[in-house]
Amino acid sequence: MSRNLDEQGVLRIFKIDRRLRFGNVVHAFSTYESRRAQADAQPFARGINSIQLYHDGTRWWVMTLMWDSERPDNPIPAKYLKRDGD
């Protein structure tokens, strides 16, 4: 992380969630935007978190968490930029 981000902080805004569930396993994709302040007109970064969860009968456990940032050669697919039904 850059020193600038350490000093100024970062605001992550989670925009769209997609969840697939089978039994006690859930796979969630969460599209995010990173801004330095809520009032910023544009995010300085966007990406997708990929989260796998397991329910043991009592509570949910995060099993894996991965993410990838949007780049010119890796744009976020349109289906992850709108909510179901949009």
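Derivation of every value follows stated rules applied to the coordinates shown; laboratory data play no part. Here the structure is a predicted model, which is why all the values come from computation and not from measurement. Cβ atoms come from the backbone with ideal geometry, glycine included; neighbour counts cover every protein chain shown.
Summary of values
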{"read-out": "Positions within segment 8-63 being within 20 Å of P75 (Cβ to Cβ) and among the charged types (D, E, K, R), in sequence order", "value": "R12, K15, D17, R18, E33, R35, R46"}
{"read-out": "When residues of segment 21-51 are limited to those that are among the aliphatic types (A, V, I, L, M) and closer than 18 Å to D68 by Cβ, the one surrounded by the most Cβ atoms within 10 Å (Cβ to Cβ)", "value": "I48"}
{"read-out": "Scope segment 30-86; condition among the hydroxyl-bearing types (S, T, Y) and more than 12 Å from K15 (Cα to Cα); matching residues", "value": "S50, Y54, T58, T64, S69"}
{"read-out": "Complete set of residues in segment 6-59 that are in contact with a Phe, Trp or Tyr (Cβ under 9 Å, 6 or more places away or on another chain) and small (G, A, S)", "value": "S30, S34, A45, G47, S50"}
